[in-house]
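Report on one structure; see the data block that follows.
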Amino acid sequence: MKFSGGKMRIFKINLLSLLVTSLFSLSLMAGGTLRLDEVAIGEADPAKATDFADGIIMENVYDALVTEPQGGGPVVGKLAKDWEVSNDGTTITFHLHEGVKFHSGNDFTADDVVYSYERLMGLKLGWSYLFDGWVKGIKKIDSHKVQFDLNEPYAPFMSSLVRFYIVDSATLKANETDGDMGQAYLSANSAGTGAYSITAHDPNVETRMAKHNKYFLGIAEMAPNEVILKYNLDAPTVRTLIANDEHDISSNWLPTDVKAAIADSGDKLAKVVSAGGWYFKINTTRAPLDDVNCRKALAYALDYDSLVGTFQVTDDIAAGQKARGPIPQGMIGYSEDVPLVEYNLDKARDYLSKCKYSGGDLDVTINWIAEVPFEESWALILQQGAMTIGYNATVETLPWAVFSENVTKPETTPNISIVAVQAQTPDPDGLIYNMYHSAAAGTWQSAEWVQDDKIDAMLNAGRTTIDAQKRVEIYEDFQQAIVDMQPDLFISDLVTVYAMRDEIKAPTLENSAEYGFSTMAQNFSFRLMEVPN
Amino acid sequence: MLIGVSILIFIIARIIPGDPARMALGPTATQEMVEQYRDKLHLNDPIHVQYWFFIKGITQGDLGESVYTKRNVTTDVSTYFPATLELIIFAALIMVCVGVPLGILAGRYKDKSIDNISRLISLLGVVTPSFVWAVFLMIIFAFYLDILPVAGRLSQDTVAPDKITGLIIIDSIIRGQFDVTIDALKHIILPALALSLSALGQASRLTRSNITEVYDKQYIEMARAYGYNEFKIATKYALKPAMIPTLTILGLDFAAMLGNAFLVEFVFAWPGIAKYGVQAILYKDLNAITATTMIIATFFVITNLIVDLVVAYLNPKIRLSGK
Amino acid sequence: MMKIFKSRGWYKFSKNPLSVIGLLIVSIIVLMSIFANYLTPFPEHAGPFVDIPNKIKPPSSTYFFGTDKIGRDTFSRIIFGYRTSLYLGVIVLCIAVPIGTSLGLIAGYFGGKIDAIIMRITDIFLSIPPLVLALSIMAFLKPTLTNAMIAVSMMWWPWYTRLIYNLTRSLKNEGFVISSKIVGASHFHIIFREILPNCSASLITKITLDMGFVILIGSSLSFLGLGVQPPTPDLGTMVSQGSKYLPDIWWLSVFPGLAILVIVLGFNLLGDGLKDLFDVEI
């Protein structure tokens, strides 16, 4: 017996909707209000934003010089018309679009780019580390031309620029209090060029945005007039709101079966493949998993079919796809040549017999993050497999705060922990450097503690090599090297599924494959959506 | 006493593991960025120096910056506290208006069926966790019946009245925006009900036992002998003495609601201080944890003080002895 | 055994049907949780167990209360969850009652400076709402059953201190205490042999009533993900995780919610019965 929400709706005594339709006559050609939710908090200051909710705000309120193109590939200009790179790769000159207006009505010029960069590096928060140490300086050449100087060639530089948002220098200087570079002002207002401007912002409750009619790239006719991005809504609340037509797009964090129920009752789902993945991260410095054969044994003992079962939302939508390695499908370095690991207990036992540990030494703890309840299923699936081949596996949950403290030292980092990592930029460097380079060790992203000269050399080469084809080869070799080393069990590429009200049209979400990765929440471009009034 | 609470919370908040600066800046922040931020938050100073900065801040009305919202905690608190206050005042109203009469009925008709029914109702209130009530109420009234809204303080198109007290219902009445009042009432009723049900049960049980005690007293028998009608006996002779001990506990209940509020605030997306406090704990947001706990404790103390004053007013014995 | 049912106390107790119902509920639950391994259809579902093909099945004759997101039987897990709840309740009260009681006895009996210090500290603990205090403690401990017990005990003892303190203060001036003082009995003797036994009726009643509330608080902690460690079944965790699936998949939260309600109700009815029986104020 499955509950069909469609039938339930008929039973509903929908008093309010009767009232509403009688009060408001059918309106003119303009979008209505779009309501969506995310996990708190929402950060509205482009020099502080890093989370996904922040990304949604940034994508709509601010613009960067460059952006990820539709369908993936190297970045293309956004506020920059085009650019020139010097032969040694250390000087990049940008020609800026003219006639672009900020929300205040001010014109966008090279001064704003310089100010934005100085502000970002002055506050030293948010995405500033992407440029820290690499960029020597920035200077204005003329009103619509700026030049970046790098200390040495840095291949991910152009991709990093997608996280460099341009603010309105005149407005911020006018609203500065106690030399705060407009921080107080930006905590409740916006000063960008984006298609939407912020009308109200409470980081713990909601952000309201309104259409910026002078947006230089244009806005779809039926794009929402107003957007309300709400934070931390409970799953049944979202379910009820969508059923009552009071909410439009859910977050990815709704339980799979709730998304299925929403789809069942006549609304729809949108699947977006992101640049990143879910990993069982193995601490490669602690016994017994410091032996590669022990890790390989676990990889073959993991029941991938059960795992995939937990991802299945409906018959044709799964919130995951099998991963071949750390680099997800669609990113530079992904290669079909790397075979998928299959569930094979014979092979698993075979590897375990080659492992230098046995019997009582085979104690492992599998940790999952308390805030992400669906990880529990995966931990239990791995536990079941590990116990079958002879491991003594226990499952434990850790709250995020404790976990992120434990991973700062190899001896306190869990044997195995379940984490999702999303790329910081559309470049593979923005995903894997933080996970595997020995210089990046000691964070939740690098809970493997890979301290390997060969890996480090590959990652360094990937950064300083400018030739695009050579980089592809470097990252393909890297992918194979990591798969051989097995510092992770690869659960899935990062796939997100959103439940949407049927009346909403959001091609960027629904046909996400055409729009590339949602690294910068690009799929949440409100100006390309259609919301009936 | 508030100083004691502040020290206790201050110490607890600082031995929670996890580096607040790192939590705030994200995993990829460089060590240099973290150190700079730690300095800004005075985290590298010894604990008594940190406490001194905190006390100094309080006297200047500055509670420090929240690493969670990256705003000043004073701003956060003044935004979120009125929402919670409105919620618990409303819940307390329900508690008193329903719980006390229920208790009086039960006490008056002790061991009769009306007593047992009322006891069962109040017990159900007491024994069901408020988060269970919250979820059930929402499903019934918002999902199946669809007659009440589920989230927030106002509908999305309703503009909150300009702030006077921060309590939307009161502000909108003062400003004469009665449509806003009605909208706000619709939004508050479910969360307030969920919050009040457990306290309501307690209130009615308490009233019952105090009323029973009073009815056993001789002067009630006397009044009956004089032929006063039951209503007069109940209102004039039984209620007042029974209310004095009840009131003391109701005061405690009222303050305790603040502690329970976050379960309900979470379910109904109520933008209150309790929800903010829980987030603060999860993010190890030291200034916010300390501030919210202090506010809750202060609220506790003030409520008790008011209750004491009211009891003194009602009870001539205490008033005359000049307590 | 039969003697009990013929006694005067039992007669008084059984006069109120609600108290008897309470006693019945509590005894049935205690017995069920002790013999859970034999009484539940799927005892293995209480441990590490995954059965993805059977996930999210509605109640049926195989799974009385349906299955959860990884295919475990909700009914079996509720019975094992009772075991966890009772265990938590017993341990918490085993820690909180002796601490609270002895502090209350000492403060009430000796008075003066000791009284002031102990009661001030008690007031501080009482003025922080219980859940907030427990939350703060849980924030720096790992969320395990043991730590949940420590956290709940930390907030529970002051209530006993206050109860026993008030009782001791009034008993101190009773004739029998004063007379043992006169015959030269030691403080220890007076406190534990004279005063404490006279508090026992109140204590037993309060403990019975509290058993339900401790379980309630424990489940609130788990509701926030700070209590018992999965896969160990716990009613609060089940409600909190299950409530995310409402309203379509209702059995995951409604049954554990009712289960909490029933056990807390049982202890309350029983406690109320005892209160009337002993004729004590709490």
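Check whether at least one residue in the stretch B:193-216 is within 14 Å of chain A (Cβ to nearest Cβ), under 27 Å from the mean Cα position of the chain (by Cα) and surrounded by 16 or more Cβ atoms within 10 Å (Cβ to Cβ), and report yes or no.
Step one: list which residues in the stretch B:193-216 are within 14 Å of chain A (Cβ to nearest Cβ), which gives B:194.
Now restrict to residues that are under 27 Å from the mean Cα position of the chain (by Cα): B:194.
When the remaining residues are screened for being surrounded by 16 or more Cβ atoms within 10 Å (Cβ to Cβ), the result is B:194.
The answer is yes, given that some residue of the stretch B:193-216 is within 14 Å of chain A (Cβ to nearest Cβ), under 27 Å from the mean Cα position of the chain (by Cα) and surrounded by 16 or more Cβ atoms within 10 Å (Cβ to Cβ).
Out of the residues in the stretch A:230-243 meeting the condition of being of a type outside the set (Gly, Ala, Ser) and under 12 Å from A:ILE262 (Cβ atoms), tell me which one is farthest from the other protein chains (Cβ to nearest Cβ).
Filtering the stretch A:230-243 down to residues of a type outside the set (Gly, Ala, Ser) leaves A:230-234, A:236-242.
Then keep just the ones that are under 12 Å from A:ILE262 (Cβ atoms); that gives A:236, A:238-242.
Working: A:PRO236: 4, A:VAL238: 9, A:ARG239: 7, A:THR240: 5, A:LEU241: 6, A:ILE242: 11 Å.
Per the criteria, the residue is A:ILE242.
Would the stretch C:220-234 turn up any residue that is within 8 Å of another protein chain (Cβ to nearest Cβ), part of a loop (DSSP other than H, G, I, E, B) and open to solvent by 30 Å² or more (accessible area, probe 1.4 Å)?
At the first step, the residues of the stretch C:220-234 found to be within 8 Å of another protein chain (Cβ to nearest Cβ) are C:220, C:223-226, C:229-231.
Now restrict to residues that are part of a loop (DSSP other than H, G, I, E, B): C:224-226, C:229-231.
When the remaining residues are screened for being open to solvent by 30 Å² or more (accessible area, probe 1.4 Å), the result is C:224-225.
Scanning the stretch C:220-234 turns up at least one residue that is within 8 Å of another protein chain (Cβ to nearest Cβ), part of a loop (DSSP other than H, G, I, E, B) and open to solvent by 30 Å² or more (accessible area, probe 1.4 Å).
For the stretch A:487-505, give me each residue that is under 14 Å from A:GLY325 (Cβ atoms) and either open to solvent by 10 Å² or more (accessible area, probe 1.4 Å) or without any contact (Cβ under 8 Å) to a residue 24 or more places away in the chain (or both).
Start the filter on the stretch A:487-505 by keeping residues that are under 14 Å from A:GLY325 (Cβ atoms), which leaves A:487-494.
Within the stretch A:487-505, A:PHE490, A:LEU494 meet the criteria.
Given C:LEU23, C:LEU31, C:LEU103, which one is surrounded by 19 or more Cβ atoms within 10 Å (Cβ to Cβ) and assigned to a helix (DSSP H, G or I)?
Numbers: C:LEU23 fails: surrounded by 19 or more Cβ atoms within 10 Å (Cβ to Cβ); C:LEU31 fails: surrounded by 19 or more Cβ atoms within 10 Å (Cβ to Cβ).
After ruling out the rest, the residue left standing is C:LEU103.
In this structure, does B:TYR68 turn out to be open to solvent by less than 60 Å² (accessible area, probe 1.4 Å), at pLDDT below 80 and either in the same structural domain as B:LEU195 (by TED's automatic domain parsing) or not in a strand (DSSP E or B) (or both)? Please lay out each step first, then the result.
Numbers: open to solvent by less than 60 Å² (accessible area, probe 1.4 Å): yes; at pLDDT below 80: yes; either in the same structural domain as B:LEU195 (by TED's automatic domain parsing) or not in a strand (DSSP E or B) (or both): yes.
It is true that B:TYR68 is open to solvent by less than 60 Å² (accessible area, probe 1.4 Å), at pLDDT below 80 and either in the same structural domain as B:LEU195 (by TED's automatic domain parsing) or not in a strand (DSSP E or B) (or both).
Restricting attention to the stretch A:513-533, which residues are part of a helix (DSSP H, G or I) and either hydrophobic (A, V, I, L, M, F, W, C) or open to solvent by 10 Å² or more (accessible area, probe 1.4 Å) (or both)? Spell out the reasoning first.
To start, the set of residues in the stretch A:513-533 that are part of a helix (DSSP H, G or I) comprises A:513-515, A:522-524, A:526-528.
A:ALA513, A:GLU514, A:TYR515, A:GLN522, A:PHE524, A:PHE526, A:ARG527, A:LEU528 - these are the residues of the stretch A:513-533 that are part of a helix (DSSP H, G or I) and either hydrophobic (A, V, I, L, M, F, W, C) or open to solvent by 10 Å² or more (accessible area, probe 1.4 Å) (or both).
Could you look through the stretch A:341-395, keep only residues that are among the aromatic types (Phe, Trp, Tyr) and touching a Cys at 6+ places or on another chain (Cβ under 8 Å), and pick out the one that is nearest to A:TYR279 (Cα to Cα)? Even if it seems obvious, please write down each step before you answer.
We begin by selecting, within the stretch A:341-395, every residue among the aromatic types (Phe, Trp, Tyr); these are A:343, A:351, A:357, A:368, A:374, A:378, A:391.
Remaining after also requiring touching a Cys at 6+ places or on another chain (Cβ under 8 Å): A:351, A:357.
On the way: A:TYR351: 21, A:TYR357: 24 Å.
This residue is A:TYR351.
Take B:LEU252 and tell me if it is open to solvent by 20 Å² or more (accessible area, probe 1.4 Å), under 16 Å from the mean Cα position of the chain (by Cα), aliphatic (A, V, I, L, M) and within 14 Å of chain C (Cβ to nearest Cβ).
On the way: open to solvent by 20 Å² or more (accessible area, probe 1.4 Å): yes; under 16 Å from the mean Cα position of the chain (by Cα): yes; aliphatic (A, V, I, L, M): yes; within 14 Å of chain C (Cβ to nearest Cβ): yes.
Judged against the criteria, B:LEU252 is a match.
Could you check A:ASP477 against (1) surrounded by 22 or more Cβ atoms within 10 Å (Cβ to Cβ); (2) within 30 Å of A:CYS294 (Cβ to Cβ) and say which number it fails?
All conditions are met except number (1).
Which residues, taken from the stretch C:226-274, are of a type in the set (D, E, K, R) and under 19 Å from C:SER27 (Cβ atoms)?
So in the stretch C:226-274, the residues of a type in the set (D, E, K, R) come out as C:234, C:244, C:248, C:272.
Across the stretch C:226-274, the qualifying residue is only C:ASP272.
On the given criteria, is C:VAL97 assigned to a helix (DSSP H, G or I) and of a type in the set (A, V, I, L, M)?
When the stated conditions are applied, C:VAL97 passes them.
Hey, among B:ILE164, B:ILE121, B:ILE117, B:ILE170, which residue is over 19 Å from B:VAL264 (Cα atoms), away from chain C (no Cβ under 14 Å), open to solvent by 30 Å² or more (accessible area, probe 1.4 Å) and in a helix (DSSP H, G or I)?
On the way: B:ILE164 fails: in a helix (DSSP H, G or I); B:ILE121 fails: away from chain C (no Cβ under 14 Å); B:ILE117 fails: away from chain C (no Cβ under 14 Å).
Result: B:ILE170 is the single residue among B:ILE164, B:ILE121, B:ILE117, B:ILE170 that is over 19 Å from B:VAL264 (Cα atoms), away from chain C (no Cβ under 14 Å), open to solvent by 30 Å² or more (accessible area, probe 1.4 Å) and in a helix (DSSP H, G or I).
If I ask for residues that are surrounded by fewer than 18 Cβ atoms within 10 Å (Cβ to Cβ), facing chain A (nearest Cβ under 8 Å) and closer than 30 Å to C:GLY257 by Cα, which ones from the stretch B:136-161 would you list?
B:TYR144, B:LEU145, B:ILE147
Out of the stretch A:86-123, which residues are of a type in the set (D, E, K, R) and either more than 17 Å from A:ASP45 (Cα to Cα) or open to solvent by 30 Å² or more (accessible area, probe 1.4 Å) (or both)?
Of all residues in the stretch A:86-123, those of a type in the set (D, E, K, R) come to A:88, A:98, A:101, A:107, A:111-112, A:118-119.
Result: A:ASP88, A:GLU98, A:LYS101, A:ASP107, A:ASP111, A:GLU118.
List the number of the failed condition for B:LYS110; all other conditions in (1) crowded, with 17+ Cβ neighbours inside 10 Å; (2) charged (D, E, K, R); (3) touching a helix residue (DSSP H, G or I) at 6+ places or on another chain (Cβ under 7 Å) hold.
(1)
Can you find even one residue in the stretch B:71-80 that is aromatic (Phe, Trp, Tyr), open to solvent by less than 50 Å² (accessible area, probe 1.4 Å), more than 21 Å from B:PHE300 (Cβ to Cβ) and in contact with a helix residue (DSSP H, G or I) (Cβ under 6 Å, 6 or more places away or on another chain)?
Initial filter on the stretch B:71-80 (aromatic (Phe, Trp, Tyr)): B:80.
Then keep just the ones that are open to solvent by less than 50 Å² (accessible area, probe 1.4 Å); that gives B:80.
From what is left, the residues that are more than 21 Å from B:PHE300 (Cβ to Cβ) are none.
No, the stretch B:71-80 has no match at all.
Give me a count of the residues in the stretch A:343-360 that are surrounded by 12 or more Cβ atoms within 10 Å (Cβ to Cβ) and in a loop (DSSP other than H, G, I, E, B).
Adding up the residues that qualify gives 5.
Using the structure shown, decide if A:TYR129 is of a type in the set (Ser, Thr, Tyr), within 14 Å of another protein chain (Cβ to nearest Cβ) and closer than 19 Å to A:MET58 by Cα.
Numbers: of a type in the set (Ser, Thr, Tyr): yes; within 14 Å of another protein chain (Cβ to nearest Cβ): yes; closer than 19 Å to A:MET58 by Cα: yes.
In short, yes.
For every residue, the table says whether it meets (1) over 13 Å from C:LEU105 (Cα atoms); (2) open to solvent by 80 Å² or more (accessible area, probe 1.4 Å); (3) touching a residue at least 24 places away in the same chain (Cβ under 8 Å); (4) not in a helix (DSSP H, G or I).
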| site | (1), (2), (3), (4) |
| --- | --- |
| C:TRP157 | no, no, yes, no |
| C:SER170 | no, no, no, no |
| C:LYS181 | yes, yes, no, no |
| C:GLY184 | yes, no, no, yes |
| C:GLU194 | no, no, no, no |
| C:ASN198 | no, yes, yes, no |
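The values are calculated or read from the model by the stated rules, or taken from the named source; none is laboratory data. Fair warning: this is a prediction, and the values are worked out from it, not measured in the lab. Quick reminder, even Gly has a Cβ in these numbers, built from the backbone with ideal geometry, and neighbours come from all protein chains shown. Accessible surface is based on the protein model in full, side chains and every heavy atom, while ligands, DNA and RNA are left aside. Shrake-Rupley method; radii C 1.70, N 1.55, O 1.52, S 1.80 Å.
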